[in-house]
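Take a look at the structure below.
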């Protein structure tokens, strides 16, 4: 079983990238602003192996009207990366395309998101329902390239 066309599970790096997509809570999403400046932003996400293209996709929720959404509308190519270990190893960088999805998360995706981020949503001092009302815009990112070591 492969997680995405971009992740070769026969390699150590590919298996590690797939593991991090399943277990990490934060990924850095980099969009490009109108001046051409990269704009990295830490975001919460769900990884869904499979998806409409036959590869995997990251589901990222956002508040409406944010700079990252404006950047994606104008330039949908994005990069995502996780932090490295203490010595700069365990590098996972994904390149791909982000699209806004007006349909939003399905009820199953909302449940998975709430399970993954229950403690973090609580630290925000809000309920899952309030969180999803505020973070109502869905970005679907389909990676097409994996880099790192």
With Cα springs under 10 Å, the Gaussian network model of the chain assigns the largest mean-square fluctuation among 99, 89, 33 to 89
Per-residue counts of other Cβ atoms within 10 Å, averaged by peptide: what ranking do you get for 22-31, 137-146, 111-120, highest first?
137-146, 22-31, 111-120
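Per DSSP helix of 4 or more residues, -39500 (n - 2.57); summed, then divided by the residues of the chain. What does that give at 222 nm, rounded to the nearest 500?
About -8000 deg cm²/dmol.
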For segment 12-148, what relative contact order do you get, as a whole percent, if you take Cα pairs closer than 8 Å and at least 6 residues apart?
28 percent
Taking the Cβ-Cβ separation of residue 127 and residue 67 as r and a Förster radius of 25 Å, what is the calculated FRET efficiency to the nearest 0.05?
0.40
Options (1) 120; (2) 168; (3) 189 for volume of the Cα convex hull per residue in Å³; the value derived from the coordinates is listed as (1)
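Bear in mind these aren't lab numbers, they're just calculated from the coordinates by the rules spelled out. No experiment lies behind these values; they were computed from the predicted model shown. Neighbour counts are summed over all protein chains in view; Cβ atoms, including those assigned to glycine, are modelled from backbone coordinates with ideal geometry.
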